[in-house]
Amino acid sequence: SLPSPPPSKPQKPTSSHIPPPSVDSDSYYFNSYSHSSIHHTMLSDVHRTLSYKTSILTNPTIFKDKNVLDVGCGTGILSHFALKAGSRRVVGVDDSNMLRHALEVSRNLNIGEELIFIRGKIEEVVIPEEVGQFDVIVSEWMGYGLLYETMLPSVIYAREKYLREGGTMWPNKCEMFMELGSDTRTTFWDDVYGVDMSPMKAVVAAERYLEASVEIVKPEIIVSGRHMFWEADLNKVKDEELDFVRPFEIKAVKKTTVNCLVVTFDCDFDLSSPSPVKLTTSVQTEATHWQHVVLWLEPTRLPALEGGESFRGNVKVERKKDNHRDIEFTVEWEGGGLKGKQKWGIVS
């Protein structure tokens, strides 16, 4: 529905840590969220949308009679959930043309001053003084592999400027995971309707390992447990902590040849609340619109592991210098008597 890979949610740039994006990059980014198709995709993701709705409506002590800021509000669906939970005042901020349609929906529902929409980047808008500070900042900021599109720095900016002491981000925690995969789809080319097209296997392999792939992974190709390699408390995490290096050690559950690494994420709505909710993009659960990020290993160096044998190393995640909305994964690994180092990008 959008240029590949399509974004998951408007994500606002910020941070002195990152060079400012070009005008063209920003225009492309925000314009991509002015079309109804991407919002239909996101809202139709039942696990995503119901995780937010359930976490808001079943935790009234967090939302009732509170001021709520919705960063990157899009159609305003999270703002409406907050109102249904009894919030006193909700302010939605977005810099795409979708905001005028959110306003139209609000007027059609005869909603008054308890819901305000403001057009602009969160770093640049002026929040009415009478609103004051916010008790909750709600945002669906996640992109592919969690950090693609780099919206989280803008939500952190909002937290530092607008969240009152004792308030909370919603969700308030997130985690990134890695699993080992053994995918044999290249065997498709051995017999294509009776024609041996096996030379195509080298073409497919070459295409795969140059960039990260965003796709739905079948659970049966996973040959390890789900290893968490990064987590963040969203009420505390800093912008500079979003570029990081972490060690990992993942054990194969059976004898296998590993040809890919699969990255997924979870977000938690859990503040010692009566009704905690987990939004997961795990391969083992129903797929979401975020799908899964697949890092294909260079096909001439594939580690063959015994059951229980470790695949270990370091994973580096960072924003690209030329476009901070894109992210790169660099993995230095060893396993099965081999060593390797590769870099993959998720690019717009």
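We did not get these values from a lab; they are worked out from the coordinates using the rules stated. What you are looking at is a predicted structure, and each value in this text was computed from that prediction instead of being measured. Cβ sites come from the backbone with ideal geometry, for glycine too, and all protein chains shown count toward neighbours.
Quick look at the values:
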{"item": "Distance between modelled label sites at T184 and K255, nm, 7 Å Cα→Cβ extension", "result": "1.4 nm"}
{"item": "Cβ-Cβ FRET estimate between V46 and N97, R0 fixed at 22 Å, reported to 0.05", "result": "0.25"}
{"item": "The chain: most fluctuating residue of P276, P60, P199 per GNM, C-alpha cutoff 10 Å", "result": "P199"}
{"item": "Pairs from K255/K321; K53/K341; K66/K173 whose Cα-Cα separation, in the structure shown, is over 32 Å", "result": "K255/K321; K53/K341"}
{"item": "Cα centroid of region 252-322 to Cα centroid of region 188-221, whole Å", "result": "20 Å"}
{"item": "5 angstrom amide H check on R89, placed H, neighbours 5+ away", "result": "K66, N67, V68"}
{"item": "Extension gain (nm, one decimal) between K161 and S310, 0.36 nm per residue minus Cα-Cα", "result": "49.2 nm"}
{"item": "The chain: relative contact order in percent, alpha carbon pairs under 8 Å with at least 6 residues between", "result": "18 percent"}
{"item": "Most mobile of G92, G307, G337 in a GNM of the chain (Cα contacts under 10 Å)", "result": "G337"}
{"item": "Extension gain from R119 to S272, taking 0.36 nm per residue of separation minus the Cα-Cα distance", "result": "51.7 nm"}
{"item": "Top of V262, V90, V131 by mean-square fluctuation, Gaussian network on the chain, Cα under 10 Å", "result": "V131"}
{"item": "Helix axis angle, 98-108 relative to the chain longest principal axis, alpha carbon, degrees", "result": "50 degrees"}
{"item": "Per-residue ³J(HN,Hα) for region 144-150, Karplus 6.51 cos²θ - 1.76 cosθ + 1.60, θ = phi - 60°, Hz, x for Gly and Pro", "result": "3, x, 6, 9, 4, 5, 6"}
{"item": "Debye intensity ratio I(q)/I(0), log10, the chain, q values 0.07, 0.15, 0.16 Å⁻¹ (C-alpha model)", "result": "-0.32, -1.25, -1.38"}
